[in-house]
1. With 25 Å as the limit, write out which pairs from 121/218; 191/253; 218/242; 133/218; 121/242 have Cα-Cα distances beyond it, or answer none.
2. Figure the gain on full extension for residue 287 and residue 124 (residue separation times 0.36 nm, minus the Cα-Cα span) and round it to one decimal in nm.
3. Hey, which aspartates and glutamates would be in cross-link range of residue 122, C-alpha to C-alpha under 19 Å, not counting anything within fewer than 8 residues on its own chain?
4. Quick check on packing: order 117-126, 168-177 by the mean number of other C-beta atoms within 10 Å, highest mean leading.
5. Taking 0.36 nm per residue of sequence separation and subtracting the Cα-Cα distance, how much length would be gained by fully extending the chain between residue 252 and residue 296, in nm to one decimal?
6. What is the packing order of peptides 254-260, 314-320, 158-164, 233-239, taking the mean over residues of other C-beta atoms within 10 Å and listing the highest first?
7. Using alpha carbon centroids, what distance separates segment 293-326 and segment 203-282, in Å?
8. Taking 2.2 N^0.38 Å as the expected size of a compact globular protein, what ratio does the Cα radius of gyration of segment 153-287 give against it, to two decimals?
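Since every read-out is calculated from the coordinates, none of them should be taken as a lab result. The model shown is predicted, which means the values in this text are computed figures rather than measured ones. So basically every Cβ, Gly included, is an ideal-geometry build from the backbone, and we count neighbours across all protein chains shown.
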Amino acid sequence: MYTPYGNVAAQGQPNQFIGGQQNLQHPQPQHPSFQQQQFNVPPQAHQQQHPQSQQQVPGGGASTSYTSFLNDPAAALAGQFARNGFEQSNQYIQQNFGSFIPTGTTDLKYYFQVSNSYVLKKIFLILFPYRNKNWNRLSLQDVTGESSSSSPSNSQQFAPPNLDVNAPDLYIPTMSFVTYILLWAAFQGLKGDFHPQLFGYLSSQTLAFTVLDITIFKVGLYLLNCSSQISLWDLVGFSSYKYVTIIVLLCWKNLVSDYWLYYYPVLFGFIVSLALFLLRSLRFSVLPSLSVGTTTITSKQRRIRIQFLFVYAVVVQGLIVLFMSY
């Protein structure tokens, strides 16, 4: 009887269907010719593939295009036009708005040249200015014997704060500004009224008063036609010394209970001290000095300038101190 698997049995191989469902896997075909072609690759093929892989490395074309961009005459011409435009715009700003830009902006380190002895003397001078006899600022040449004619700013013609107690600085105003905000928030916390929004509110209010203070003085100088050498940073320093007085009054207010007997007399005394300090310190910016060689003014102009300085130092500063220390 003919069986389709007779040839397999004749070759001596076991039948795959004997024993039920065992050995049902088909044998995997073998391709000797394919394996030989796969492993016996000629070396010329590998050498031909390496240049192609090198060409596909990312960034190679970018460096070439960047170099060609730098060597492009159109790009160089565009860069030259940009530089010329920037120089012209900078020159235009300096010619038209140079008077509004504070002098000595790049020399702020001058206002931070302080020492421990200067800070103590300056605070004592703000609170008790009655014993000081000389309010004139010293020049750098008078202190060190070195000339400062090559200095780019007018403020560098004077001695730095650590060499002259009458020189304005920005260290005490900055520290007193931050101390006032933290101290006021701490006292509000002791009363149970503290919330984080107080920092933003008080910072904005303090900056607004500072800008208003400086604006009033600058407008007064402009209306009185005062050719003053005082810079904006000098004015910021002098106008911000009131925070020292405010801090002392704020601490004293939270220590005493009877305001009419203890607080208001001290408040009046410190306002007078601050006014005297500002009158003496800002006098050179309002009234011309004979040693500077400025033009003389009439008696009427002198009286008006003294009245303006009195209103600024006593009325304006007194109202700000009274409001901020309340």
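1. 121/218; 133/218
2. Details: separation 163, 0.36 × 163 = 58.68 nm, distance 2.57 nm.
Result for the pair: 56.1 nm of gain on full extension.
3. Cross-link targets: 164, 169, 234.
4. On the way: 117-126: 16.4, 168-177: 19.9.
Result, highest mean Cβ count within 10 Å first: 168-177, 117-126.
5. Numbers: separation 44, 0.36 × 44 = 15.84 nm, distance 4.52 nm.
Roughly 11.3 nm would be gained on extension.
6. Working: 254-260: 9.9, 314-320: 16.7, 158-164: 20.3, 233-239: 21.9.
The most tightly packed comes first, giving 233-239, 158-164, 314-320, 254-260.
7. Computed from Cα coordinates, the inter-centre distance equals 12 Å.
8. On the way: Rg = 17.1 Å, N = 135, 2.2 N^0.38 = 14.2 Å.
Normalised by 2.2 N^0.38 Å, the Cα Rg of segment 153-287 equals 1.20.
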